[in-house]
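The values are calculated or read from the model by the stated rules, or taken from the named source; none is laboratory data. The structure displayed is predicted, hence computed values, not measured ones. In this analysis, Cβ positions are derived from the backbone assuming ideal geometry, glycine residues included, and neighbour counts consider all displayed protein chains.
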């Protein structure tokens, strides 16, 4: 699992660069032909990691119900995200992964409600979710690399 955490942290550092180098307006812009924006992708990444690892394990998540409602699968940007929300997402990029690593080491993931993802792969444990998660994050990072060309 150590390698999965290293890969995830590398991706999260790249995501953090977007938050540091793009303006509030750029982060919120949905370019023509796209259904979301840079900040939606980053918020979505944070929310999905929490849902896959914690919610399916029956454990409390670090993200608020409001954040889940805004960034979960099937949502789209509805209005602009504030600087305060961006700052919260920036913090959660790293604290969520650090806590997940600690919680895994402490053995808190005892139960898991199996989940078959959109690729047809069934996640059967928190470890499966952690291992799958970075491929999900890479997909969204790729989308963000395309979006940035149009903002």
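Restricting the range 123-132 to residues that are modelled with pLDDT of 95 or more and touching a helix residue (DSSP H, G or I) at 6+ places or on another chain (Cβ under 6 Å), the residue that is farthest from residue 6 (Cα to Cα) is 123. Among the residues of the range 14-34 satisfying the criterion of being surrounded by 11 or more Cβ atoms within 10 Å (Cβ to Cβ) and under 17 Å from the mean Cα position of the chain (by Cα), which is farthest from residue 138 (Cα to Cα)? So the residue we want is 28.
With the structure loaded, tell me whether residue 7 is in a helix (DSSP H, G or I), surrounded by fewer than 19 Cβ atoms within 10 Å (Cβ to Cβ) and in contact with a helix residue (DSSP H, G or I) (Cβ under 6 Å, 6 or more places away or on another chain) or whether it fails that test. So residue 7 fits the description; yes. Could you please give the count of residues in the range 21-55 that are in contact (Cβ under 8 Å) with a residue 24 or more places away in the chain, over 30 Å from residue 125 (Cβ atoms) and in a helix (DSSP H, G or I)? Of the residues in the range 21-55, 6 are in contact (Cβ under 8 Å) with a residue 24 or more places away in the chain, over 30 Å from residue 125 (Cβ atoms) and in a helix (DSSP H, G or I). For residue 143, the conditions (1) touching a residue at least 24 places away in the same chain (Cβ under 8 Å); (2) closer than 13 Å to residue 49 by Cα; (3) under 15 Å from the mean Cα position of the chain (by Cα) are fulfilled apart from (2). Yes or no: the range 91-99 includes at least one residue that is under 21 Å from residue 24 (Cα atoms), over 11 Å from the mean Cα position of the chain (by Cα) and at pLDDT 95 or above. Yes, the range 91-99 contains a residue that is under 21 Å from residue 24 (Cα atoms), over 11 Å from the mean Cα position of the chain (by Cα) and at pLDDT 95 or above. When the range 97-116 is limited to residues that are in contact with a helix residue (DSSP H, G or I) (Cβ under 9 Å, 6 or more places away or on another chain) and surrounded by fewer than 15 Cβ atoms within 10 Å (Cβ to Cβ), the one that is nearest to residue 46 (Cα to Cα) turns out to be 98. Close Cβ contacts (under 6 Å, 6 or more residues apart or on different chains) running from residues in the range 115-128 that are at negative phi to residues that are assigned to a loop (DSSP other than H, G, I, E, B) comprise 122/114; 124/114; 125/112; 126/109; 126/112.
The residues listed here are 84, 78; of these, the one that is without any contact (Cβ under 8 Å) to a residue 12 or more places away in the chain, over 17 Å from the mean Cα position of the chain (by Cα) and not in a helix (DSSP H, G or I) is 78.
Residue 149 falls short on exactly one of the conditions (1) touching a helix residue (DSSP H, G or I) at 6+ places or on another chain (Cβ under 9 Å); (2) closer than 24 Å to residue 29 by Cα; (3) modelled with pLDDT of 95 or more, and that condition is (1).
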